[in-house]
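Since the structure comes first, as structure tokens, the remarks are kept for the end.
Since every read-out is calculated from the coordinates, none of them should be taken as a lab result. Everything numeric in this text was worked out from a predicted model, so none of it was measured.
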Amino acid sequence: MTTKRIESDYLQVKPLIEVLEEDEQPQHFFFNINKGIQKDGEAVGDGVTNENRSLCLVTDQRVLLFANGNEGMSIPYTTVKAAKSKSGLTKAKLTIVTNAAEYEMYVSQNKDELDNAADYIQSQVNAADETDEATGLETIPDFKRIWDESDDEESLSLNERQPASDEPRGDYVTTERLKKIVDILDNDEVVHFLTRGSTVDVEGSGAGDSLFGDDRSRKSGTRGYVRAVVTDRRVAVKVPQFLGNDERSVPYSNITSVDLDTGLVNKRLTLQTPGQTYHIEAQEPGKDELRDITRFIRGKISEANQPDVVQADSSDPEPLEQLEKLKDLHDQGVVSDEEFEDKKSDLLDKI
């Protein structure tokens, strides 16, 4: 590859050719429009315009990665353990394994070029002197970092959404993943769990007509994954679309039940409300954490529907009214048999 191929390419910050050091020689160049770059399976960058393409530039000194037009990081060969290429019928990808993580980029170039790039990276790795200090990515001047922004203002703000030490939080929740859904959260909302999938089905109350003629509508992300966030007050779903986002919010007070389906192919959370049922596909996290999510939501449902049994004053509902509401919650399965008997006894003492 010659430098002529990248002289006309550009990013939001500056032309790609200006990123190179004075004695640095480009060898291979790849890009994609909407697949982004994945770090340990999590994609960053999904632009649909030239300036927002995800780029990978392989030089004689390092591998350069760019996303969103103004974000960039470089991978020194001293940090790389292996480079692999894989080509399928419809797509191909370059995988770079470092001491700290695995990076993948889908590319449109032919198989031979991709194989040559992987072989070249591996040859540079074999020739490099490994050091104990070489652990990860390095910044590129004038560019924002793509990953590991743990000390920036945005990440500090996201970290304020941590629940109290005695409250649960899923291992799948990270700062990078929070960034993809923070725009649909309230300022003081606390995040406990996240999920990632491809679809959410909404069933009932005029959701729409499916192919089978029933009242069911399927939403798929056309510009990224469908993500659900489980917070201290609701379950919210974000479906990224080319012309905006489709957002759904389900407060715990509206949920009557939650179920988990861990089939052979797909995992799915189902939220039942009086009017609609939400089937949220969850490819991530794993089954154990999804079971934690299910238990957490059930607990929040119970909290949201607890009858107010406090010191009565003139504005409190009559004990008979509270008893009737308690029985309804018990019949719906929101209040357990033990809770029902305890609270029923308290209310009967007040009649």
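Among all the lysines, which ones have a C-alpha under 21 Å from Lys179's C-alpha, if same-chain residues fewer than 8 places away are not counted?
Within reach: Lys35, Lys39, Lys144, Lys238.
Which pairs, out of Lys93/Lys180; Lys84/Lys267; Lys81/Lys287, put more than 27 Å between their alpha-carbon atoms? Provide the component values of the computation, followed by the final result.
On the way: Lys93/Lys180 23 Å; Lys84/Lys267 30 Å; Lys81/Lys287 30 Å.
Correct reply: Lys84/Lys267; Lys81/Lys287.
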